[in-house]
Amino acid sequence: MNINLISDTFTIPSKEMLNYMMKAKVGDDVFKEDPTLNKLEDRVAKLFGKEAGLFFPSGTMSNQVAIKIHTQPGDQLICDHFSHIYHYEGGGVSFNSGVSCRLVEGYRGLLKSSQIEDVINPPDFYHSPPTTLVSLENTSNKGGGACYDLKTLSLISSLCKKNNISIHLDGARIWNAMISTNTNAIDYGKLFDTISVCFSKGLGCPIGSMLLGTSETIKKAIRYRKVLGGGMRQMGYLAAAVDFALDNNIDDLADDHYKAKELGEVLKSLPYVDLVQPVDTNIIIFSLKSKCDENEFIKILEHNNIRIIQLGKGKIRMVTHRNYTNDQHIYTMKTLSNLKFC
Ligand SMILES: *Cc1c(COP(=O)(O)O)cnc(C)c1O
């Protein structure tokens, strides 16, 4: 048994998905002539109530292009201090857009409207950088898969409108958020100017993200995607994988969430575990008692064929996903319960 709880990005396409991909009609997407992808971009845009969508090789590129569209060099965006765009996109916010991040310390990666209001720079005060974008993340990765409620998002969206600030959603795991909070894609489409969604995580596609927005925004996005080298050719095979995932794999996320909750409960019962953060979706973040060594714990689990990672600052993470099977789950629960450590 080789159990991977490192990330839901380790999911691989099923045989059924691969078979479906093989049958895709394809064309050259740089010429916008791939019929399967053209249909998919329409499908996902409609799902979120947006005019248009654009396929990207990664969520990073999709986020970066959105930031480029909403800002000018010298501007400032507001995001939570846990944000993926700040921590894990290689400094792209400044590299690609010449923009600085005003970091706000939210609760588990989630911001409140009042916290954002406090850090919007007054537009006529020329000493400070113009605030032109708010970027939120749902679910929050570094926040342990925490989800926004629609009320909070709605307040933030109104605040942005009032202040003439664009609002972007990094919805890499929006599918998990929708399952967990029983909300619909259309609810989010109404509140954000642009949304970036990923298919390559819990949904099991090999590659793929999409940026959603108005037709005008997506027209700009095609240009920036090209600049970054993200124009791709016979994308229909990958678009077919996404079609398959949207038809078949979304409901399974509830199962990932259930397993994550169970893992969280077992961890809570272990004498050497200090704190387990609330488990809302498929991510579990916990820490060990101060006398116990995280690296040693991770090594012992690895000897038992279970791979997990640490996030630094004493935090350890597990992520459940569709390739973490029921058998693996039973084995992991038993192994954790019986583990003699520290
Ligand atoms: C995974 C992820 C992304 C995009 O990652 P890529 O590896 O570039 O596809 C963006 N935001 C969040 C919150 C993520 O977890």
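The values are calculated or read from the model by the stated rules, or taken from the named source; none is laboratory data. Predicted model only: the values in this text are computed from it and were never measured. We place every Cβ from the backbone using ideal geometry, glycine too, and count neighbours over all the protein chains shown. Quick note on the areas: whole protein, heavy atoms, side chains included, nothing else; ligands and nucleic acids left out. Shrake-Rupley method; radii C 1.70, N 1.55, O 1.52, S 1.80 Å.
Of ASN182, ASN248, ASN295, which has the largest mean-square fluctuation in a 10 Å C-alpha GNM of the chain? Between ASN182, ASN248, ASN295, it is ASN182 that shows the largest mean-square fluctuation. For the chain, the list of Cys residues with no other Cys C-beta under 4.7 Å reads CYS79, CYS101, CYS147, CYS160, CYS198, CYS205. Label-to-label distance, ASP149 versus CYS292, with points set 7 angstrom from Cα along the beta-carbon direction: 3.3 nm.
Couplings 3J(HN,Hα) of the range 329-335, computed from phi: 5, 4, 4, 5, 4, 5, 4 Hz, in residue order, whole Hz [Karplus 6.51 cos²θ - 1.76 cosθ + 1.60, θ = phi - 60°; x for Gly and Pro].
You can think of it this way: the chain between MET22 and ASN184 has 55.3 nm of extra reach, that is 0.36 nm per residue less the Cα-Cα gap. Across ASN163, ASN282, ASN38, mean-square fluctuation computed from a Gaussian network of the chain (C-alpha pairs under 10 Å connected) peaks at ASN163. When shorter helices are ignored and each DSSP H run of at least 4 residues is given -39500 (n - 2.57), the per-residue value for the chain at 222 nm works out to -12000 deg cm²/dmol.
Using Cβ point charges alone (K and R +1, D and E -1), the dipole size of the chain about the Cα centre works out to roughly 260 debye.
Per residue, the accessible area of the chain comes to 46 Å², computed with a 1.4 Å probe over protein heavy atoms only. Sites count as exposed loop sites when they are GluC sites (Glu not before Pro), lie in a DSSP loop, and have at most 16 other Cβ atoms within 10 angstrom; the longest stretch of the chain without one is 106-342. Considering only PRO278, PRO35, PRO123, the mean-square fluctuation computed in a Gaussian network model of the chain, springs between alpha carbons under 10 angstrom, is largest for PRO123. For SER128, put the label point 7 Å out on the Cα→Cβ axis and report which residues of the range 63-104 keep their amide N under 15 Å from it. 75-79, 100-104, by backbone N distance to the label point. Taking the charge dipole of the chain about its Cα centre, with +1 at Lys and Arg Cβ atoms and -1 at Asp and Glu Cβ atoms, the residue from PHE297, GLY59, GLY145 reaching farthest to the positive side is PHE297. Each of the chymotrypsin sites (Phe, Trp or Tyr not before Pro) that DSSP puts in a loop and that has at most 15 other Cβ atoms within 10 Å breaks the chain; the longest unbroken stretch is 127-271. Among TYR224, THR214, ILE284, whose Cα projects farthest towards the positive end of the dipole of the range 193-319, with charges put on the beta-carbon of Lys, Arg (+1) and Asp, Glu (-1)? Going by the Cα projections, it comes out as TYR224. For the range 125-149 versus the range 1-50, the inter-centroid distance based on Cα atoms is 28 Å.
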